[in-house]
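A.B. asks: Provided herewith is a single structure, encoded as structure tokens, for subsequent inquiry.
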Amino acid sequence: MSPRPGLDQSAVVQAAARLADRDGFHAVTLASLAAELGVRSPSLYNHINGLPGLHAALTLHGLRTLHQGLMKAVVGKSGEDALRQACLAYVEFARTHPGLYEAALQPIAPEQTEVIQAGDSVVELLLQILTPYKLTTDDALHTVRCIRSFCHGFCSLERSGQFALNLNRDDSLTFMIDVFIQGMNLKAGEV
């Protein structure tokens, strides 16, 4: 069977990303994607390596999109401002691309070198942002884990409707980031 004209791997992944953002990462199946694209499921094999290949492609796309969002947020900034903007960009990515965000959190197999490199590029960018704090290598990596953990926790709670109080969520997010930055400044003062 020949590929449908105009359909390529990029178009398949973009459609899968839209589907994931709309219905959730685990709703992306070959059948649901084929229906979204108006093709039969076997046609997708011209562009992706089955469901595992599709999910790996979505993970790669999610990590690259996150990296691009972080880069855009921190360009021309440094120190506290860069750290603040990176945290806000992380949360914004999860808010605007919930399915891709979920895809970016999927386990990565050792043979998925391109996906590993995309994940590493996010970590490397965060490490660059942390350079002014003059942390040891281990402390910098612990800090990246902290950033990921508190941003992910906020996103997860928000997405599941756990912030029901009549209190502005963005104000809570700003407060959380400010407290974290104050802690980083105290840590840097210990050096």
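A.B. asks: Only one of 70, 100, 51 is surrounded by 13 or more Cβ atoms within 10 Å (Cβ to Cβ), in contact with a helix residue (DSSP H, G or I) (Cβ under 7 Å, 6 or more places away or on another chain), under 28 Å from residue 12 (Cα atoms) and modelled with pLDDT under 95. Can you tell me which?
C.D. replies: The unique qualifying residue is 51.
A.B. asks: Ok, one more. Scan the range 10-25 for residues that are open to solvent by 30 Å² or more (accessible area, probe 1.4 Å) and either closer than 11 Å to residue 100 by Cα or at pLDDT 95 or above (or both) and jot them down.
C.D. replies: Hits for the range 10-25 are 14, 18, 21, 22, 23.
A.B. asks: Here is a follow-up. Considering (1) touching a residue at least 12 places away in the same chain (Cβ under 8 Å); (2) open to solvent by 20 Å² or more (accessible area, probe 1.4 Å); (3) farther than 19 Å from residue 104 by Cα, say which one residue 44 fails and leave the rest.
C.D. replies: Every listed condition holds for residue 44 apart from (2).
A.B. asks: Taking the stated definitions as given, is residue 92 within 14 Å of the chain's Cα centre (by Cα), open to solvent by 80 Å² or more (accessible area, probe 1.4 Å) and touching a residue at least 12 places away in the same chain (Cβ under 8 Å)?
C.D. replies: Taking the combined requirement at face value, the residue satisfies it.
A.B. asks: Let me spell it out: the conditions are (1) buried (at least 18 other Cβ atoms within 10 Å of the Cβ); (2) more than 28 Å from residue 58 (Cα to Cα), and residue 81 meets all of them except one. Which number is the exception?
C.D. replies: If we test residue 81 against (1) buried (at least 18 other Cβ atoms within 10 Å of the Cβ); (2) more than 28 Å from residue 58 (Cα to Cα), just (1) comes out false.
A.B. asks: When you scan the range 164-191, how many residues do you find that are among the aliphatic types (A, V, I, L, M) and either within 16 Å of residue 88 (Cα to Cα) or touching a Cys at 6+ places or on another chain (Cβ under 7 Å) (or both)?
C.D. replies: 5
A.B. asks: Which of the residues belonging to the range 32-64 are of a type in the set (Gly, Ala, Ser) and within 18 Å of the chain's Cα centre (by Cα)?
C.D. replies: Passing the criteria: 56, 57, 62.
A.B. asks: Does residue 141 satisfy being free of Cβ contacts under 8 Å to residues at least 24 places away in the same chain and surrounded by 14 or more Cβ atoms within 10 Å (Cβ to Cβ)?
C.D. replies: Considered against the rule, which asks whether it is free of Cβ contacts under 8 Å to residues at least 24 places away in the same chain and surrounded by 14 or more Cβ atoms within 10 Å (Cβ to Cβ), residue 141 comes out as yes.
A.B. asks: If you scan the range 8-32, which residues turn out to be among the β-branched types (Val, Ile, Thr), assigned to a helix (DSSP H, G or I) and within 20 Å of residue 107 (Cβ to Cβ)?
C.D. replies: 13
A.B. asks: For the range 101-117, give me each residue that is over 27 Å from residue 80 (Cβ atoms) and in contact with a Leu (Cβ under 7 Å, 6 or more places away or on another chain).
C.D. replies: Once the filter is applied, which keeps residues that are over 27 Å from residue 80 (Cβ atoms) and in contact with a Leu (Cβ under 7 Å, 6 or more places away or on another chain), the range 101-117 yields 103, 114, 115.
A.B. asks: Let me ask something else. Which numbered condition trips up residue 121, out of (1) open to solvent by less than 50 Å² (accessible area, probe 1.4 Å); (2) farther than 26 Å from residue 58 by Cα; (3) of a type in the set (Ser, Thr, Tyr)?
C.D. replies: (2)
A.B. asks: From the list 15, 57, 82, 86, which residue is without any contact (Cβ under 8 Å) to a residue 24 or more places away in the chain and at negative phi?
C.D. replies: 15
A.B. asks: Ok, one more. With 117, 128 as the choices, which residue is at pLDDT 95 or above and under 19 Å from residue 88 (Cα atoms)?
C.D. replies: 128
A.B. asks: Moving on to the next point. Please find, within the range 155-191, the residue that is nearest to the chain's Cα centre (by Cα) out of those that are of a type in the set (Gly, Ala, Ser) and part of a helix (DSSP H, G or I).
C.D. replies: 156
The values are calculated or read from the model by the stated rules, or taken from the named source; none is laboratory data. Keep in mind the model is a prediction, meaning the values are calculated, not measured. Backbone-built Cβ (ideal geometry, glycine too); neighbour counts: all protein chains shown. Side chains included, ligands, DNA and RNA excluded: accessible areas come from the protein's heavy atoms. Shrake-Rupley method; radii C 1.70, N 1.55, O 1.52, S 1.80 Å.
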